[in-house]
1. Rounded to the nearest 20 Debye, what is the dipole magnitude of the range A:220-332 about its Cα centre when Lys and Arg each give +1 and Asp and Glu each give -1 at the C-beta?
2. Over what distance in Å are the Cα centres of the range A:436-451 and the range A:104-129 separated?
3. Enumerate the amide H contacts of A:Asp183 below 5 Å, restricted to partners 5 or more residues apart or on another chain; note that Pro and chain-start residues carry no placed amide H.
4. At what distance in nm do the modelled label points of A:Phe235 and A:Asp162 sit from each other, each positioned 7 Å from its Cα along Cα→Cβ?
5. What are the ³J(HN,Hα) couplings of the range A:354-366, residue after residue, when phi is run through the Karplus curve with 6.51, -1.76, 1.60 and θ = phi - 60°? Round to Hz, x for glycine and proline.
6. Counting pairs of alpha carbon atoms under 8 Å apart in space and at least six apart in sequence, what relative contact order in percent does the range A:315-418 give?
7. In whole Å, how far is the Cα centre of the range A:348-421 from that of the range A:229-281?
8. What's the exposure ranking of A:Ser216, A:Ser304, A:Ser398, going from fewest to most Cβ atoms within 10 Å?
Amino acid sequence: MLKISNTLTGKKEPFRSRGTAGKIKKVGMYVCGITVYDRCHLGHARSAVVFDVIRRYLEYKKYKVRYVKNFTDVDDKIILRAHKEGRLWIEVAETYIQAYHEDMARLGVPPADVEPRATEYIPEMIGLIQTLIKKKVAYVIDGNVYYRVKQFNGYGKLSKRDTEDLLAGARVEVDERKEDPLDFALWKASKPGEPTWESPWGPGRPGWHIECSAMSMALLGQTFDIHGGGKDLIFPHHENEIAQSEGATGKPFARYWVHNGFVNVNQEKMSKSLGNFFTIQEIFEKSPWPEAVTAEVLRYFLVSTQYRSPIDFSDEALKSAKAGLDNFYRMFQKLDEPVATASLPRGRKLRVALKAFPKRFEAAMDDDFNTALAVSEMQQLRAAVNAVLDQGLSRPLSQAVQKLFRKHGAVLGLFSFSIGQWTRTKETGTAISAADVEQRLKERDDARHRKDWARADAIREQLADAGIILEDRPDGTTRIRR
RNA sequence: GGCGGCGUACCCAAGUGGCUAAGGGAGCAGUCUGCAAAACUGCGAUUCGGCGGUUCAAUCCCGCCCGCCGCCUCCA
């Protein structure tokens, strides 16, 4: 039984999806995407990867997932950036939506089922705001519409704040026109040069939070299963979403609130304001490995920690992740090798481990998507495989092993490569051709037969300098690794 | 000030009221090997930030303290 940590209740709860139409278990999942005013950094990547894994695991569990991830394409920062660059706000938004798609493609994160943009849902937002006004939880002043926070008695239930505390700590400059400092804008009267839509309250643009209420309810229904995002969205964004949505419908909004922890650098949150961020683009460019390999290394790094915990990013951490993955791919390479000896299907222990593995993997993932534990299960299975690998595995057994790793690895986005792809070097131009390697290998074999160790070792070193590792097998043949 | 979280070996990181406190990376030693590499085996926290309390029993529950982080303003 899958359990999920629910920010709303503060507890780890059994997950029951709402829509169980017939035999198909349906899940509606909405995740707050990004505001498109700049390139994404690793923190955004973490969120994207975390919810991608959650989606994949739900699908693995045979849920039919409808995954919605939005773009905030109208916002102060976009407008500001457009002004600075002398472009239209819409161009800025478009630029970074493209960039986001590029980054996600590089990371191996497939698109959500629906990726709506806020500006496509203006009518829905206006409708929602009208309902709120009608219900007296919102009010109009000078073409602005505000949400009357005190009117919604569930306010603070997600972020565990009460309105008194909020007042005490309010550091925001108060808009004098609001009835209460806590009230937040649903609709902003537009200033000259800003994007504008017609509305019952005059020309204006939506506030930040209303879009997610409008889009999630339009695409997933008034009540849906999972709402996700980074921890920093809990307050005020998600708190306000609940206020707006439940204020309008009187029904529960999202049932499970899932929040991922931050990516830190030297124990501090990676963020724009601290300037300690690495864009996804930068990480790929600086990486010593080919793009696709880097993507998997990043995945491995990210899934090696439970999604709610902070994770510290460093070169060392990436290297460690690469080393961890290399160990798996070395095993895959050996599994691909033809078996020299025909007899010896020794592997009773292995068969037991193989049989037990899916349950262990699922137990880990069922426990609030404990990917770190799931990875460790795979590491242990790897050890069980390696223990008998030198003696050779029968073809069917070796294929079964590979299949098991690939299938479960895919849930985390791992082991997607053939060994050849994995070991490809970044600058393929300088690599020695396969034919040359064969030639050198043959020379070395001859030398070894003559017991000319000096010569054999020299060749091995030369190839090593070119990034090609030779491993002599007990039977006299040599394995080539890159 | 309010709210939330974290502190497990050199590094990363699971976890549990009592059974050897997983696993990985790095390191060291051994097996194997002409040597190496790989793989395997062994070693590595008498202890889970500190101090008290509850309990027959606590790293895990409670309290206090120390240290770190986050949110309360835009933020994945």
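None of the figures in this text is laboratory data; all of them are computed from the coordinates on show. It should be emphasised that the depicted structure is a prediction, and the values quoted were computed from it without experimental measurement. Glycine also receives a Cβ, built like all others from the backbone with ideal geometry; neighbour counts cover every protein chain displayed.
1. Roughly 200 debye, rounded to the nearest 20.
2. So the two Cα centres are separated by 59 Å.
3. It is A:Val149, by chain and number.
4. Label-label distance for A:Phe235 and A:Asp162, simple model: 1.3 nm.
5. For the range A:354-366, the Karplus curve yields 5, 5, 6, 4, x, 5, 5, 4, 5, 4, 5, 5, 5 Hz.
6. Values: 68 pairs, mean separation 36.9, N = 104.
Relative CO of the range A:315-418 lands at 35 percent.
7. With the range A:348-421 and the range A:229-281 each reduced to a Cα centre, they are spaced 34 Å.
8. A:Ser304, A:Ser398, A:Ser216
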